[in-house]
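Student: Quick one: the structure is below, questions incoming.
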Amino acid sequence: MTGPTDQPLEARIVDYLASRMPDGRDFALENVQRIAVGWSHETWLFDLAWREGGEARRRGLCLRRDPGNTLLRHLSSLEQQFRVLRCLADTALPTPRPYWFEPDPAILDMPFLVMEKVSGTCPNPWGREGRAFYQAAADRGTLPASFTATLATLHTLDWRAAGLDFLGVPPPGTNFARREIAKWKELIDVSGHPPEPILTDLIAWLEANAPSVDRVTLVHGAYRTGNLLIHEDRISAVLDWELQVLGDPMYDVAYVLSDLNREGTPLLSNLVDRDSFYRDYEAATGFTIDDGLCRYYNALYAMRSVAFWMSASGLYAGGQSQDIRLARTAWSVPVVLERAARELGY
Amino acid sequence: MNPDQLLERIAAVLRQDIGPAVGAEYPRTQAFMAAVVLQKLGRQLACAEAHRAAEAADMDALVADLDSTLATAVVPPAIAAAVAALGRDRNDAALCALIGALYESRTTLGATRFDALLGRVRRTLRAGIDRRMEFAE
């Protein structure tokens with residue numbers, strides 16, 4: 001765990017944390033682990049041990065650094081992530097409590113935030129072990145109910161009272177969908193990828209069919225297993241606050257319903273029975289799931305996925321990232337374009 | 001040994017020998033990803049020549065069909081210009097421009113003609129993406 005300067009990164013983290021906790025001494029990091037999930041920020045988990053008031057203390061922390069060459073490029077902001085987590089800290093939604101955000105790259109080479117390491121695991125839904133984990137949880141039934149209830153909490157929380165209106169409140173009409181299209185188009189444009197006719201078709205179709213939205217909620221943008229921490233068979237934290245917007249809750253529902261997020265199983269997000277999800281979500285929110293709208297958002301997710309993979313592979317091709325996972329996404333572009341063609345009926 | 005076979009063999013070593021021997025999670029993932037990249041690259045190389053020929057034939061057929069449609073019907077000038085450019089350039093940029101022109105002229109064309117013209121373009125796009133899926137999946 002070393003950075004580009006002479007002092008190892010671990011020591012600099014200790015120095016930083018000591019500076020933020022003036023009553024403590026003898027700080028040490030234990031169980032340091034860089035986790036290989038996520039496409040944007042570097043994520044480090046560790047336990048901080050120190051002495052304070054004559055007693056030994058210990059706290060699990062998560063540090064995220066922004067190397068500036070993330071998949072979302074300029075659309076990703078640790079500062080916004082920190083701000084969102086602060087707004088959500090006192091709501092009913094389970095999220096990690098944020099502690100500090102530092103924009104100054106002089107401290108740890110790049111901007112970073114420090115937040116609570118919430119108890120739980122986050123099995124990878126794409127791996128064999130993860131799929132087995134979620135299948136077993138589906139059979140028990142508690143976790144699927146928690147999955148749906150947590151999404152309902154997210155969609156019914158008072159975002160104005162929480163102070164989340166800084167995310168931008170879309171006016172009534174087609175503005176929400178158009179804003180999303182414009183955002184992903186911008187990412188596609190900066191990726192430097194050659195023209196893709198199926199993508200042009202998809203974007204033109206999305207613009208021509210943008211739905212009108214009259215209900216605005218907080219939307220997570222990537223609500224699925226793999227972005228949810230699980231402890232004792234329940235969701236202990238909603239993670240990955242990078243794509244959130246204020247907009248149509250059906251945008252999240254479409255993501256849950258999408259077969260993008262399940263492999264070889266009819267269970268939504270590898271976990272939830274479809275009928276139960278409809279029943280429990282509608283009962284908890286009072287919203288009716290609009291299948292037509294979800295189909296539209298599914299096509300919009302195809303566009304977003306193309307934007308992600310074009311951006312990711314472009315970062316590797318441009319030498320801005322050495323992460324080989326990003327190189328691999330060059331072949332994900334045609335896979336998602338094929339899906340998009342099917343969404344459009346060909 | 002062909003380049004695609006060479007890449008396939010290196011991928012196999014990375015997947016079976018090198019990756020499992022790496023202890024830390026992050027570099028181990030990188031080793032497995034490198035194997036996936038080399039394997040896909042190998043498949044792409046193996047298909048490249050046949051795909052280039054099929055793509056050129058599909059483009060010829062599309063241009064011929066569009067020319068024949070335009071010869072018997074009046075279309076908005078933007079579409080005529082886009083078809084002419086496609087006939088000249090025969091590339092994805094020209095295809096994108098044609099698709100854009102079709103959507104922009106959707107009202108003028110009417111639903112039936114719009115669907116027919118876009119449907120013909122989509123037939124070519126489907127064939128192209130099916131070919132790419134041979135190595136992308």
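Student: Relative contact order of chain A, please, whole-number percent, based on alpha carbon pairs below 8 angstrom and at least 6 residues apart. Before the final figure, lay out each step's value.
Tutor: Working: 565 pairs, mean separation 54.9, N = 346.
That works out to 16 percent.
Student: Residue by residue through the stretch B:51-63, which ³J(HN,Hα) values in whole Hz follow from phi under the Karplus form 6.51 cos²θ - 1.76 cosθ + 1.60 (θ = phi - 60°), with glycine and proline marked x?
Tutor: Karplus values, whole Hz, x for Gly and Pro: 5, 4, 5, 5, 5, 5, 5, 4, 5, 4, 5, 5, 4.
Student: What translational diffusion coefficient, to the nearest whole µm²/s, does chain B have by Stokes-Einstein, given a Kirkwood radius computed over alpha-carbon pairs, a temperature of 10 °C and 1.306 mPa s viscosity?
Tutor: The diffusion coefficient I find is 89 µm²/s.
Student: Now a separate question. Quick one: Cα convex hull volume of the stretch A:28-136, Å³ per residue?
Tutor: Output value, Cα hull per residue: 157 Å³.
Student: Mind checking Rg over Rh on the stretch A:15-59, alpha carbons, Kirkwood formula for Rh?
Tutor: Checking Rg against Rh, the ratio lands at 1.09.
Student: Could you tell me how many degrees, from 0 to 90 and to the nearest 10, lie between the Cα long axis of helix A:332-343 and the main elongation axis, the longest principal axis, of the Cα atoms of chain A?
Tutor: 30
Student: In what order do A:E55, A:E180, B:E55 fall by count of nearby beta-carbon atoms within 10 Å, going from fewest to most?
Tutor: Ordered from fewest to most neighbouring Cβ atoms within 10 Å, A:E55, A:E180, B:E55 come out as A:E55, B:E55, A:E180.
Student: Rg and Dmax in Å for the stretch A:68-129, alpha carbons only: what are they?
Tutor: 14.2, 41
Student: Would you report the distance distribution of C-alpha pairs in the stretch A:114-179 as whole percents per 5 angstrom bin, up to the bin with the largest distance?
Tutor: It works out to 4, 12, 12, 16, 17, 12, 13, 12, 3, in whole percents.
Student: Once both labels are modelled 7 Å past Cα along the beta-carbon direction, what's the A:Q80-A:A182 spacing in nm?
Tutor: 1.3
Student: If you bin the C-alpha pair distances of chain A every 10 Å from 0, what whole percents do you get?
Tutor: The percentages, shortest bin first, are 5, 23, 33, 26, 10, 2, 0.
Student: Using only the Cα atoms of the stretch A:108-239, what semi-axes does the equivalent ellipsoid have when each is the square root of 5 times a gyration tensor eigenvalue? Give whole Å, largest first.
Tutor: 31, 21, 19
Student: Continuing with the same structure: Once the convex hull of the alpha carbons of the stretch B:58-137 is built, what does its volume come to per residue, in cubic angstrom?
Tutor: 90
Student: What is the angle, in °, between the Cα long axis of helix A:78-88 and the longest principal axis of the Cα atoms in chain A? Nearest 10 is fine, range 0 to 90.
Tutor: 90
Student: Could you tell me what % of all Cα pairs in the stretch B:1-43 have separations over 13 Å?
Tutor: Working: 423 of 903 pairs.
The proportion of pairs with Cα distances above 13 Å equals 47 percent.
Student: Stretched out fully, how many nm does the piece from B:E49 to B:E137 gain, at 0.36 nm a residue minus the Cα gap?
Tutor: Once the chain is fully extended between B:E49 and B:E137, it gains 29.8 nm.
Student: Please express the Cα-Cα pair-distance distribution P(r) of the stretch A:203-346 as a list of whole percents, one per 10 Å bin, running from 0 to the bin with the greatest distance.
Tutor: 10, 35, 37, 15, 2
Student: Once both labels are modelled 7 Å past Cα along the beta-carbon direction, what's the A:R25-B:R28 spacing in nm?
Tutor: The modelled label-to-label distance comes out at 4.1 nm.
Student: Right, next: Go through the stretch A:53-58 residue by residue and turn each phi into a ³J(HN,Hα) via Karplus (6.51, -1.76, 1.60, θ = phi - 60°); whole Hz please, and just put x for glycine and proline.
Tutor: Whole-Hz 3J(HN,Hα) from phi for the stretch A:53-58: x, x, 10, 7, 10, 7.
Student: Still on this structure: Springs between alpha-carbon pairs under 10 angstrom, Gaussian network model over chain A: which of A:V238, A:V253, A:V169 fluctuates most?
Tutor: Of A:V238, A:V253, A:V169, the Gaussian network model singles out A:V169 as fluctuating most.
Student: Then there's this: Note down the nm distance, to one decimal, between modelled labels 7 Å out along Cα→Cβ at A:R128 and at A:E55.
Tutor: For the pair A:R128/A:E55, the computed spacing is 4.7 nm.
Student: Counting only other chains, what is the mean number of Cβ atoms within 10 angstrom of the Cβ of each residue in peptide B:22-29?
Tutor: Taking the mean over all residues of the peptide, I get 3.
Student: Just add up the charged neighbours of A:Y99: K/R +1, D/E -1, any other residue whose Cβ is under 13 Å from the Cβ of A:Y99. Show your work: numbers first, answer last.
Tutor: Numbers: positive: A:R20, A:R59, A:R64, A:R86, A:R97, A:K117; negative: A:E102, A:E116.
That works out to +4.
Student: Just tell me how shielded B:109-121 is by partners: mean number of partner chain Cβ atoms within 10 Å of each residue's Cβ, no decimals.
Tutor: Taking all residues of B:109-121 together, the mean is 1.
Student: Still on this structure, I have one more. How long are the semi-axes of the ellipsoid equivalent to the stretch B:63-108, from square roots of 5 times the Cα gyration tensor eigenvalues, in whole Å, largest first?
Tutor: Numbers: eigenvalues 49, 39, 10 Å².
In descending order the semi-axes read 16, 14, 7 Å.
Student: Provide the per-residue ³J(HN,Hα) series for the stretch A:282-290, in order, calculated from phi with Karplus coefficients 6.51, -1.76, 1.60 and θ = phi - 60°, each as a whole number of Hz, with x at glycine and proline positions.
Tutor: With the stated coefficients, the stretch A:282-290 comes to 5, 5, 6, 9, x, 8, 9, 6, 9 Hz.
Student: If you line up the long axis of helix B:111-136 against the longest principal axis of chain B, both from Cα atoms, how many degrees apart are they, to the nearest 10?
Tutor: The helix B:111-136 is inclined about 20 degrees to chain B.
Student: Quick one: if you take sqrt(5λ) for each eigenvalue of the C-alpha gyration tensor of the stretch B:1-79, what semi-axes come out, biggest first, whole angstrom?
Tutor: Details: eigenvalues 444, 53, 5 Å².
After scaling each eigenvalue by five and taking roots: 47, 16, 5 Å.
Student: Lys/Arg Cβ at +1, Asp/Glu Cβ at -1, dipole of the stretch A:1-130 taken about the Cα centre: which of A:S40, A:Q7, A:G53 is farthest positive-ward?
Tutor: A:S40
Student: Now, a different point. Grab the beta carbon distance between A:Q135 and A:D189, set R0 = 30 Å, and tell me the FRET efficiency rounded to 0.05.
Tutor: Given R0 = 30 Å and the Cβ-Cβ separation, E is 0.15.
Student: Relative contact order of the stretch A:84-212: what whole-number percent is it, with Cα pairs under 8 angstrom and at least 6 residues apart?
Tutor: 19
Student: When all alpha-carbon pairs of the stretch A:301-346 are counted, what percent fall beyond 17 Å? Kindly include the intermediate steps, with their values, before the conclusion.
Tutor: Numbers: 344 of 1035 pairs.
Roughly 33 percent, once rounded to a whole number.
The numbers here are math on the coordinates, done by the rules we state, and not lab data. All values reported here derive from a predicted model rather than from experimental measurement. Heads up, the Cβs are rebuilt from the backbone with ideal geometry, glycines too, and the neighbour counts pull from every protein chain shown.
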